[in-house]
Amino acid sequence: MAKALLIIDFQNDFTSGGALEVPGGDEIAGPVKRLAGRLDLVFATRDWHPPDHASFETEGGPWPVHCVQGTHGADFHPAIGEVELDAVVDVGRGREDEGYSGFEKSDLAQILRDGDVDEVYVCGLATDYCVRASAIDACAEGFEVTVVEDAIRGVEVNEGDSERALGEMRQAGARTATSDELLASAEAG
Ligand SMILES: [Zn+2]
């Protein structure tokens with residue numbers, strides 16, 4: 001059985017200078033790269049919207065225009081260039097697809113099963129939206145899920161959203177650990 005790192009939406013629009021900048025989003029680069037070098041498989045999701053996506057303020061939605069397919073903002077953060085990806089999964093491709101979860105209308109669950117994955121380590125952006133939804137769905141799909149606490153950051157539309165999201169992920173069956181703890185146990189194992 002294999003261990004997979006699942007990097008959620010580590011894209012320019014969610015990091016410094018992006019349209020929907022997540023505070024401290026760039027800071028996850030270090031732990032993400034370290035873990036990617038140590039796990040069997042590495043998968044990344046992209047928020048990948050059409051220009052008229054229903055979540056955009058211009059369309060009456062809650063968010064500024066972000067991660068429009070094929071734009072610089074939708075590109076991966078430069079740190080991903082140093083990571084070898086086994087597959088990329090795009091979500092939120094349809095106008096009405098919310099796309100918070102990497103599993104929504106995607107082949108992700110099948111890709112993980114095809115890779116003989118039983119353990120999924122979730123990191124990326126943002127804790128209170130796409131990381132939350134992806135981790136909860138990964139639990140529902142039957143994977144053993146660990147959320148990497150120092151490799152996620154939240155939007156925090158309301159203060160405490162990230163803490164609440166972590167609580168919900170644990171409730172769904174995910175465990176949480178820091179990258180140092182994971183790397184130390186990999187060393188021991
Ligand atoms: Zn989006």
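What follows is calculated from the coordinates using simple rules that are stated; it is not laboratory data. The structure displayed is predicted, hence computed values, not measured ones. We place every Cβ from the backbone using ideal geometry, glycine too, and count neighbours over all the protein chains shown.
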Residue that is nearest to L182 (Cα to Cα) [pool: residues in region 133-152 that are in a loop (DSSP other than H, G, I, E, B) and of a type outside the set (F, W, Y)] = G142
message = I'd like to check something: does region 17-33 contain any residue that is within 15 Å of the ligand (Cβ to nearest atom) and surrounded by 23 or more Cβ atoms within 10 Å (Cβ to Cβ)?
response = yes
query = farther than 13 Å from I80 by Cβ, among the aromatic types (F, W, Y) and within 16 Å of the ligand (Cβ to nearest atom), is that true of F56?
reply = yes
inquiry  = Within region 13-132, considering only strands (runs of 3 or more DSSP E) that don't extend past its boundaries, which have at least 3 residues that are aromatic (F, W, Y)?
reply    = none
ask   = Can we say V155 is surrounded by 18 or more Cβ atoms within 10 Å (Cβ to Cβ) and not in a loop (DSSP other than H, G, I, E, B)?
value = no
query = Hey, among the residues in region 69-94 that are hydrophobic (A, V, I, L, M, F, W, C) and farther than 19 Å from D26 by Cα, which one's surrounded by the most Cβ atoms within 10 Å (Cβ to Cβ)?
reply = V91
message = Within region 60-68, does at least one residue satisfy the condition of being within 16 Å of the ligand (Cβ to nearest atom), surrounded by fewer than 20 Cβ atoms within 10 Å (Cβ to Cβ) and aliphatic (A, V, I, L, M)?
response = yes
query = Across region 69-83, which residue is farthest from D40 (Cα to Cα) among those that are of a type in the set (G, A, S) and more than 14 Å from the ligand (Cβ to nearest atom)?
reply = G70
task = Evaluate region 43-53: report whether one residue or more is more than 14 Å from the ligand (Cβ to nearest atom) and in contact with a strand residue (DSSP E or B) (Cβ under 8 Å, 6 or more places away or on another chain).
result = yes
request  = Spot the failing condition for T127; the list is (1) in contact (Cβ under 8 Å) with a residue 12 or more places away in the chain; (2) at negative phi; (3) out of contact with any strand residue (DSSP E or B) (no Cβ under 9 Å at 6 or more places or on another chain), and only one is missed.
outcome  = (3)
Restricting region 1-16 to residues that are in contact with a Leu (Cβ under 7 Å, 6 or more places away or on another chain) and surrounded by fewer than 21 Cβ atoms within 10 Å (Cβ to Cβ), the residue that is nearest to D180 (Cα to Cα) = K3
key: Answer from D86, D116 - the residue that is more than 14 Å from the ligand (Cβ to nearest atom) and on the phi > 0 side of the Ramachandran plot   = D116
